[in-house]
Amino acid sequence: MESKSSLKKFINVLIHEGGSDLHLSAGSSPTIRVAGSLVSLAKEAKLTGEHTLALLGEMISKEELDLFLEEKEIDFSYQLEDGHRFRGNAFFQRGEAGIAMRLIPSEIRTISELGLPPILESFARRTQGFFLVVGPVGQGKTTTLAALVDLINKERSEHIVTIEDPIEYIFEPKMSLIDQREVKIDTKDFQHALRGAFRQDIDVLLIGEMRGPETMAAAVTAAETGHLVFSTLHTNNAA
């Protein structure tokens, strides 16, 4: 199989079917998630480990591929020429590469469009504090934060810095200045980026995910020193 054309075909099927996720694993046919259910593209041949690795190579740099082979997993982002963007994670299973990709909506929806309580908008209108969105994977934590940050972007002039792994939603500057930093591309890791953020004249800080006590401590410090901080935390429920 020609990896570039195969990848394009699988993604086109996902988009055409209105799917949310694409799974590429050695030993299985490509699989998409549509309306919450997994659907195998049974007409496609089962993927081999070599082919899955080649597909990954179409989406990440050689340096990232080398890092993946060393560490056995990697988060990445991928964008098509038509603007469709994906958040991905590559991993090894049974000694072969596997890939899970989620389609990121091209438009940032508002709190109202997401059907969330209007009171959430009040958090975006604060100038200081720590706002943490918690819940299981895939339940809209990042989408909620994107809506709040874009509300700030629409309403007032602030310097917003995001630190993400990988970058998901792309913010178009409106009233605010927005710098989006991706771990492993724009900064070594969350800790380095957070240390730098304190010297970047920030007003609003978005940390894609709380990863470890150092990240949490830096976020709390940022909030206590007059900044508005947003982040997410994976939990089994919102309690």
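The values are calculated or read from the model by the stated rules, or taken from the named source; none is laboratory data. Computed from a predicted model, the values in this text were never measured in an experiment. Positions of Cβ are generated from backbone atoms using ideal geometry, with glycine treated the same way; all protein chains shown enter the neighbour counts.
Checked against the criteria, Ile152 counts as touching a strand residue (DSSP E or B) at 6+ places or on another chain (Cβ under 7 Å), of a type in the set (A, V, I, L, M, F, W, C) and farther than 27 Å from Gly19 by Cα. Per the conditions (1) touching a strand residue (DSSP E or B) at 6+ places or on another chain (Cβ under 8 Å); (2) surrounded by 20 or more Cβ atoms within 10 Å (Cβ to Cβ), the sole criterion not satisfied by Met210 is (2). Gly196 falls short on exactly one of the conditions (1) buried (at least 17 other Cβ atoms within 10 Å of the Cβ); (2) of a type outside the set (Phe, Trp, Tyr); (3) farther than 26 Å from Met59 by Cβ, and that condition is (1). Across segment 87-107, the number of residues qualifying as free of Cβ contacts under 8 Å to residues at least 24 places away in the same chain, part of a loop (DSSP other than H, G, I, E, B) and under 13 Å from the mean Cα position of the chain (by Cα) comes to 1. Report, by residue number, each residue of segment 106-137 that is under 19 Å from Ile167 (Cβ atoms), in contact with a Lys or Arg (Cβ under 9 Å, 6 or more places away or on another chain) and either surrounded by 13 or more Cβ atoms within 10 Å (Cβ to Cβ) or at pLDDT 95 or above (or both). Of everything in segment 106-137, just one residue is under 19 Å from Ile167 (Cβ atoms), in contact with a Lys or Arg (Cβ under 9 Å, 6 or more places away or on another chain) and either surrounded by 13 or more Cβ atoms within 10 Å (Cβ to Cβ) or at pLDDT 95 or above (or both), namely Val133. For Ser122, indicate whether it is assigned to a helix (DSSP H, G or I), free of Cβ contacts under 8 Å to residues at least 24 places away in the same chain and either touching a Pro at 6+ places or on another chain (Cβ under 6 Å) or not assigned by TED's automatic domain parsing to the domain that holds Leu47 (or both). Here the answer is yes, as Ser122 does meet what is asked.
Filtering segment 200-224 to residues that are outside any helix (DSSP H, G or I) and either within 17 Å of Val149 (Cβ to Cβ) or modelled with pLDDT of 95 or more (or both) leaves Gln200, Asp201, Ile202, Asp203, Val204, Leu205, Leu206, Ile207, Gly208, Glu209, Met210.
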